[in-house]
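The values are calculated or read from the model by the stated rules, or taken from the named source; none is laboratory data. Just so it is clear, the structure is predicted and the values come from calculations on it, not from any experiment. All Cβ positions, even for glycine, are placed from backbone atoms using ideal geometry, and neighbour counts span all protein chains on display.
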């Protein structure tokens, strides 16, 4: 079980225990008063989970503390439709789900809709479709297929509990999987030679190599693996907020606006549309 699914299991277990001891209290504790949409309209604030150093999604200017990036632009556009302003809440890929459940944020971006997560949160329709890639260390042969790194002698570094973890273990079960607490630690293992490669979403891998070209090289093994990424929200009986976000996501993807936001987010690391492999779609 990976870390994110472990969080899901713990959350479900907690709800079950609370319900057994005091069903009424458990129901009250599990659901915030009123719907998310009502709270946003009442307060005029859309609370958004943001993550440091995850370009093109999120970029924090350390001297000023100002946030930018594709998902920040998306959040501002969503907030404008709700006559609200954005309030950022620093989080992590592993904690976003818990922040939603704990009513700390109203929306989490770039969340992959796994069955386990669907038991505890809700999702919009996809904002984009991801491709998975591999960052190889210098001197390591770029794999043309996933099977080429599915060998005991190949060391694959991943951040525990991420979709990178899931993909590596599913498609390369024979490889030596090295788990790290964060993606930065996994990349450091590749940079220092402790690992041969790192499985990473294409949008993250491209920006990583642009910032640090000495780290290694980008490979896009076959078959091309893709996964939708959605907005995550708290599960609640009132479906208006989810339906609004789904309509927003579908509209902006069809109009090409989502791609424009992503390309603008890549500008933070000096990337242009010409730098992005044709296999990587938004």
Single match in 5, 22, 99 (criterion: farther than 20 Å from residue 128 by Cα, surrounded by 14 or more Cβ atoms within 10 Å (Cβ to Cβ), at pLDDT below 95 and not assigned by TED's automatic domain parsing to the domain that holds residue 210): 5
Test for residue 266: is it touching a helix residue (DSSP H, G or I) at 6+ places or on another chain (Cβ under 8 Å) and either more than 27 Å from residue 158 (Cα to Cα) or outside the structural domain of residue 92 (by TED's automatic domain parsing) (or both): no
Residue check, residue 116 surrounded by fewer than 21 Cβ atoms within 10 Å (Cβ to Cβ), in a helix (DSSP H, G or I), outside the structural domain of residue 209 (by TED's automatic domain parsing) and at pLDDT below 95: yes
Filter result for the condition that a residue is farther than 24 Å from residue 188 by Cα, touching a strand residue (DSSP E or B) at 6+ places or on another chain (Cβ under 7 Å) and part of a helix (DSSP H, G or I), over 48, 105, 88, 72: 72
Subset of the stretch 96-128 that is within 21 Å of residue 36 (Cβ to Cβ) and without any contact (Cβ under 8 Å) to a residue 24 or more places away in the chain - its residue that is nearest to the chain's Cα centre (by Cα): 118
Top-ranked residue in the stretch 249-258 [being in a helix (DSSP H, G or I) and out of contact with any helix residue (DSSP H, G or I) (no Cβ under 9 Å at 6 or more places or on another chain); ranked as surrounded by the fewest Cβ atoms within 10 Å (Cβ to Cβ)]: 254
Hits in the stretch 129-152 (condition: crowded, with 21+ Cβ neighbours inside 10 Å and closer than 30 Å to residue 37 by Cβ): 130
So residue 265, is it part of a loop (DSSP other than H, G, I, E, B) and touching a strand residue (DSSP E or B) at 6+ places or on another chain (Cβ under 8 Å): no
So residue 94, is it at pLDDT below 90, crowded, with 16+ Cβ neighbours inside 10 Å, out of contact with any strand residue (DSSP E or B) (no Cβ under 6 Å at 6 or more places or on another chain) and outside any helix (DSSP H, G or I): yes
